[in-house]
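Asks: Sharing a structure, written as structure tokens. Questions coming.
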Amino acid sequence: MVQENNKIVFTGPVGAGKTTAISALSDIPIISTDAQASDMTLNRKPQTTVAMDYGIMKLDENTKVHLYGTPGQERFDFMWDILTVGGLGLVVMLDNTRPNPFKDLAFFLHSFQNYVITVPVVIGITKTDIKAYPSVYDYSDHLEEATRGFTLFNKIPPVFEIDGRNKEDLKLLTMALLYSIDPGIG
Ligand SMILES: Nc1nc2c(ncn2[C@@H]2O[C@H](COP(=O)(O)OP(=O)(O)OP(=O)(O)O)[C@@H](O)[C@H]2O)c(=O)[nH]1
Ligand SMILES: [Mg+2]
């Protein structure tokens, strides 16, 4: 029987909800490297990922999607390149309540530039329940500027408004990525 293994990577700034998302999606207890954040006021949450998150989403009996989450903090960026090896796609999660989420978009697309020129990317905007603006259309409008100097593998990546705690929202986001990797998947 054919076993299909697919690996995707979740990235984005501190607090965007990467660890929350992987634990909501995973069919196994996630492996996480969250540690007590040294500056709680900066992160507004007690824990932060220092190396990676890992979970598995089972699409059917033979198809597994390996979910890897990166640390959001730039000081752990040595993990970013390691985690993308063998990956088939990227989820960029952005926190709508951050001071400059368009800058975050550009920063993460640039940081993962070598990856996203070869594999598709989807974008999920979280915490729109706390702050409704900017909208998904505003993010789409900023994509050209955010990718100046290189061309994304999927030229116009979809942008979704999601709740990082909501499994159905996360499934939609992940399936959008998986279908752009392989329309026949699942
Ligand atoms: N109100 C609201 N809270 C959310 C949403 N998505 C995620 N959260 C919360 O925001 C926090 C996100 O924390 P994490 O999942 O640790 O964030 P992370 O992206 O892994 O952060 P680092 O590992 O520090 O880079 C959690 O407390 C979630 O419950 C959302 O859409 N709305
Ligand atoms: Mg995390």
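The values are calculated or read from the model by the stated rules, or taken from the named source; none is laboratory data. Here the structure is a predicted model, which means the values were calculated and not measured. Note that each Cβ is placed from the backbone with ideal geometry, even for glycine, and that neighbours are counted across all protein chains shown. The protein model used for the area step is the full one, side chains on, heavy atoms only, and it has no ligands, DNA or RNA in it. Shrake-Rupley method; radii C 1.70, N 1.55, O 1.52, S 1.80 Å.
Asks: Distances longer than 15 Å among the Cα atoms of segment 72-154: what percent of all pairs is that?
Replies: Working: 1955 of 3403 pairs.
Percentage above 15 Å: 57.
Asks: Considering only the other residues whose Cβ falls under 12 Å of the Cβ of ARG98, what net charge follows from Lys and Arg at +1 and Asp and Glu at -1? Don't skip to the end; give the middle numbers.
Replies: Values: positive: ARG44, LYS103, LYS127, LYS131; negative: ASP95, ASP104.
That sum, taken over residues with Cβ under 12 Å, equals +2.
Asks: For labels at GLU144 and ALA35 in the simple 7 Å Cα→Cβ model, what's the distance in nm?
Replies: Roughly 4.3 nm, to one decimal.
Asks: So, one more: Counting only protein heavy atoms and using a 1.4 Å probe, what share of the accessible area of the chain belongs to carbon plus sulfur, as a whole percent?
Replies: Details: 5020 of 9260 Å².
Roughly 54 percent, rounded to a whole number.
Asks: Once the whole set of protein chains is in place, how much accessible area is left on ASP27, using a 1.4 Å probe, in Å² to the nearest 10?
Replies: 80
Asks: Could you pull out every one of the aspartates and glutamates with an alpha carbon less than 19 Å from that of LYS127, ignoring same-chain neighbours closer than 8 positions?
Replies: Excluding near neighbours in sequence, the set is ASP95, ASP104, ASP138, GLU161, ASP163, GLU168, ASP169.
Asks: Please figure out what share of the DSSP beta bridges in the chain is antiparallel and state it in percent, rounded to the nearest 5. Before the final figure, lay out the partial values.
Replies: On the way: 12 of 32 bridges.
Within the chain, antiparallel bridges account for around 40 percent of the total.
Asks: While we're on this one: Just by accessible area at a 1.4 angstrom probe, what is the order of GLU161, GLU144 from largest to smallest?
Replies: Values: GLU161 105, GLU144 145 Å².
Most to least solvent-accessible, the answer reads GLU144, GLU161.
Asks: Between TYR137 and PHE107, what is 0.36 nm times their sequence separation minus the Cα-Cα distance? Round to one decimal in nm. Please report the intermediate quantities before stating the final value.
Replies: Values: separation 30, 0.36 × 30 = 10.80 nm, distance 1.87 nm.
Length difference between fully extended and current span is 8.9 nm.
Asks: So which lysines can LYS155 reach, going by Cα to Cα under 20 Å and dropping same-chain residues fewer than 8 places off?
Replies: Counting by Cα, and skipping residues close in sequence, LYS155 has these lysines nearby: LYS103.
Asks: Using only the alpha carbons of the chain, determine the length spanned along each of the three principal axes and report them from longest to shortest in whole angstroms.
Replies: For the chain, the Cα extents along the three principal axes come out at 50, 37, 31 Å.
Asks: Next up: Near GLU161, within a Cβ-to-Cβ distance under 14 Å, what is the net charge of the other residues, with Lys and Arg +1 and Asp and Glu -1?
Replies: On the way: positive: LYS127, LYS131, ARG165; negative: ASP95, ASP129, ASP138, ASP163, GLU168, ASP169.
So the environment of GLU161 carries a net charge of -3.
Asks: With every protein chain present, what is the per residue accessible area of the chain (1.4 Å probe, Å²)? Write out the running numbers ahead of the final one.
Replies: Numbers: 9260 Å² over 186 residues.
Result: 50 Å² of accessible area for each residue.
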